[in-house]
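Before any comments, here is the structure.
The values are calculated or read from the model by the stated rules, or taken from the named source; none is laboratory data. Everything numeric in this text was worked out from a predicted model, so none of it was measured. Backbone-built Cβ (ideal geometry, glycine too); neighbour counts: all protein chains shown. Just the protein is used for accessible areas: all its heavy atoms, side chains included, with ligands, DNA and RNA removed. Shrake-Rupley method; radii C 1.70, N 1.55, O 1.52, S 1.80 Å.
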Amino acid sequence: MRKSLIWALSLSVLIGTAGSTGVATAADSETGSTSVADSQSTDIKDRILAIPGMSLIEEKPYAGYRFFVLNYEQPIDHRRPWAGTFQQRISVLHKDTDRPTVFRTSGYGLSTTPSRSEPTRIVDGNQISMEYRFFTPSRPQPADWSKLDIWQAASDQHRIFTALKSIYGKKWLSTGASKGGMTATYYERFYPKDMDGVVAYVAPNDVVNKEDSAYDRFFETVGTKDCRDRLNAMQREALVRRAPLEKKYQAWAASEGATFNTVGSLDKAYEAVVLDFVWGFWQYYGQDVCDQIPDAATASDDAVYETIDAYSGWSAYTDQGLEGYTPYYYQAATELGSPTIRQPHLKGLSRYGYQPASSFVPREIPMKFKPWVMRDVDTWVRHNANHMLFVYGGNDPWGSEKFRLGKGARDSFVYVAPGANHGANVAGLVEAEKANATARILAWAGVDAPAVQAAKPLARFDARLDRTVDEDATREHGLRP
């Protein structure tokens, strides 16, 4: 009882009474100075900065919006909120406090360029975006990696929502693509009363990490046989010509100052990139560009090398390429799981097979896999999903293991966009599913009934602001959702 009381009192201090200075202040919009009186300002920037622990990094202009990049003080450990804090970056794309709000996360770092997720455009709302904990610069120092898990991250999101709900009082939806879609789903699992709806794009669901046959079935059937054969032949050729192509790789690494300490050797990195080739092609491209893959039997060494680079990226498994994604690989090695595929066409040529996620994390960081974590989330979604929409691409390998709905699910849907890759979205669904998905998003956001019935996005498309899910999600090479 005593411990519970101490925790509750400490949490109230962190959330609702004072920031790091002990006084709730607001920044003056012109001078940057602060005063308690400013906390009563009607200016949206002043209202946001009156939140304890909130500070401004920058404001960027965009027509029809105000866009702020901010730091928010978070507990390193939400179970022990008195035991240290860190600064977490968020952004606010402000439309109007009378509009719905979409809480978006990529599950990775934070873009500081104004952009609008598909649900934000559909509901013509505000958008809050969060940088996932431990992605720099939102990393506690020193970094206690045991505090990087899906519950702690969901608690970050819950605390941001709690702080901003008093300003943005209308309905809230959460969204994200790929690891961001996973993040939105985990947030709903742990804090199901926060959001009024969830739109999760291309979110993998690796329930049993050691059972990955769904991926094998995908690669045996995706696209046409001619396309599959062309890709497999190119991948195989890159391992047949390993010796001359590794010389090119070594020369490139020397010129770039690239090193391979984490993965262990240039040879391991080379093979990891080659083994990602077919996956990367289907994740980001598709059948329509298959004829651009050179014929492996007649291609020069340069053509093979450059083709692998175009779809996999030789920098992916260098120390420099891995560094920014250590938090993802750590989570994959401890909770999320990671795929393994057989690739029988590489028999006798592959020395290492698909390397586990732990191979891409510095050895000094301790890791232990927790197989119950994803089983818990999967079970919860099946039996408790409410106002949840999952969108997948029919030709996206990450969709091989989807979230599924059971009898306990209410007003929730799993849709697949035919032929779409990892950039699948509501706009790419077949017409009836697109109309229903759009209508449900609008209804969950609390918009007027006529708009729900019309089932059309409320905001016009903006080519600069409305990047596709494919562009908005992580586009770096390497096997990452």
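Quickly run through the stretch 131-175 and pick out the residues that are of a type in the set (K, R) and in contact with a Lys or Arg (Cβ under 9 Å, 6 or more places away or on another chain). Scanning the stretch 131-175 gives R133, R139, K147, K170.
Residues that are of a type in the set (G, A, S) and either open to solvent by 30 Å² or more (accessible area, probe 1.4 Å) or modelled with pLDDT under 95 (or both) within the stretch 297-327 comprise A297, S300, A310, S315, G324, listed in sequence order.
Conditions (1) assigned to a helix (DSSP H, G or I); (2) in contact with a helix residue (DSSP H, G or I) (Cβ under 8 Å, 6 or more places away or on another chain); (3) aromatic (F, W, Y); (4) at pLDDT 95 or above, marked per residue:
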site	(1), (2), (3), (4)
Y249	yes, yes, yes, yes
A253	yes, yes, no, yes
T259	no, yes, no, yes
G264	no, yes, no, yes
D267	yes, yes, no, yes
V278	yes, yes, no, yes
F281	yes, yes, yes, yes
D295	no, yes, no, yes
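Evaluate the stretch 336-358: report whether one residue or more is more than 30 Å from E188 (Cα to Cα), in a helix (DSSP H, G or I) and touching a residue at least 12 places away in the same chain (Cβ under 8 Å). Among the residues of the stretch 336-358, at least one is more than 30 Å from E188 (Cα to Cα), in a helix (DSSP H, G or I) and touching a residue at least 12 places away in the same chain (Cβ under 8 Å), which makes the answer yes. Taking the criterion of being open to solvent by less than 20 Å² (accessible area, probe 1.4 Å), in contact with a Leu (Cβ under 8 Å, 6 or more places away or on another chain) and more than 17 Å from A153 (Cβ to Cβ), the residues of the stretch 165-205 that qualify are G197, V199.
Remark: pairs (first residue in the stretch 323-335, under 17 Å from M374 (Cα atoms); second residue among the basic types (K, R) and at pLDDT 95 or above; Cβ separation under 7 Å; 6+ apart in sequence or on different chains) = Y328/K179; T334/K368; T334/K370; E335/K370. Taking the conditions (1) in a loop (DSSP other than H, G, I, E, B); (2) within 23 Å of F360 (Cα to Cα); (3) touching a Lys or Arg at 6+ places or on another chain (Cβ under 8 Å) in turn, G313 satisfies each one other than (3).
The residues of the stretch 217-240 that are part of a helix (DSSP H, G or I), open to solvent by less than 50 Å² (accessible area, probe 1.4 Å) and within 13 Å of V278 (Cα to Cα), listed by number, are F218, F219, C227, R228, L231, N232, A233, M234, Q235, E237, A238. Scanning for something of a type outside the set (G, A, S), more than 26 Å from T185 (Cβ to Cβ) and modelled with pLDDT of 95 or more, does the stretch 101-109 turn up at least one residue? No, every residue in the stretch 101-109 fails to be of a type outside the set (G, A, S), more than 26 Å from T185 (Cβ to Cβ) and modelled with pLDDT of 95 or more. Taking first residues from the stretch 232-259 that are more than 14 Å from W314 (Cβ to Cβ) and partners that are outside any helix (DSSP H, G or I) and at pLDDT 95 or above, the Cβ contacts under 6 Å between residues at least 6 apart in sequence or on separate chains come to A233/A296; M234/I293; M234/A296; E237/A296; L239/L349. Report whether or not V447 is closer than 24 Å to F219 by Cα and either in contact (Cβ under 8 Å) with a residue 24 or more places away in the chain or surrounded by 15 or more Cβ atoms within 10 Å (Cβ to Cβ) (or both). Considered against the rule, which asks whether it is closer than 24 Å to F219 by Cα and either in contact (Cβ under 8 Å) with a residue 24 or more places away in the chain or surrounded by 15 or more Cβ atoms within 10 Å (Cβ to Cβ) (or both), V447 comes out as no. As for the stretch 403-412, it holds at least one residue that is hydroxyl-bearing (S, T, Y), in a loop (DSSP other than H, G, I, E, B) and modelled with pLDDT of 95 or more. For the stretch 425-455, filtered to residues that are out of contact with any helix residue (DSSP H, G or I) (no Cβ under 7 Å at 6 or more places or on another chain) and in a loop (DSSP other than H, G, I, E, B), the residue that is nearest to G169 (Cα to Cα) is G446.
Here the condition is being surrounded by 22 or more Cβ atoms within 10 Å (Cβ to Cβ) and closer than 30 Å to P418 by Cβ; of L346, L275, it holds for L275 alone. Looking at A214, is it in contact with a strand residue (DSSP E or B) (Cβ under 8 Å, 6 or more places away or on another chain) and closer than 24 Å to W279 by Cα? For A214, the condition - in contact with a strand residue (DSSP E or B) (Cβ under 8 Å, 6 or more places away or on another chain) and closer than 24 Å to W279 by Cα - is not met.
Of all the numbered requirements in (1) more than 17 Å from the chain's Cα centre (by Cα); (2) without any contact (Cβ under 8 Å) to a residue 60 or more places away in the chain; (3) part of a helix (DSSP H, G or I), V373 misses one, and that requirement is (2).
K368 meets each of the listed conditions (1) surrounded by fewer than 19 Cβ atoms within 10 Å (Cβ to Cβ); (2) in contact (Cβ under 8 Å) with a residue 40 or more places away in the chain apart from (2).
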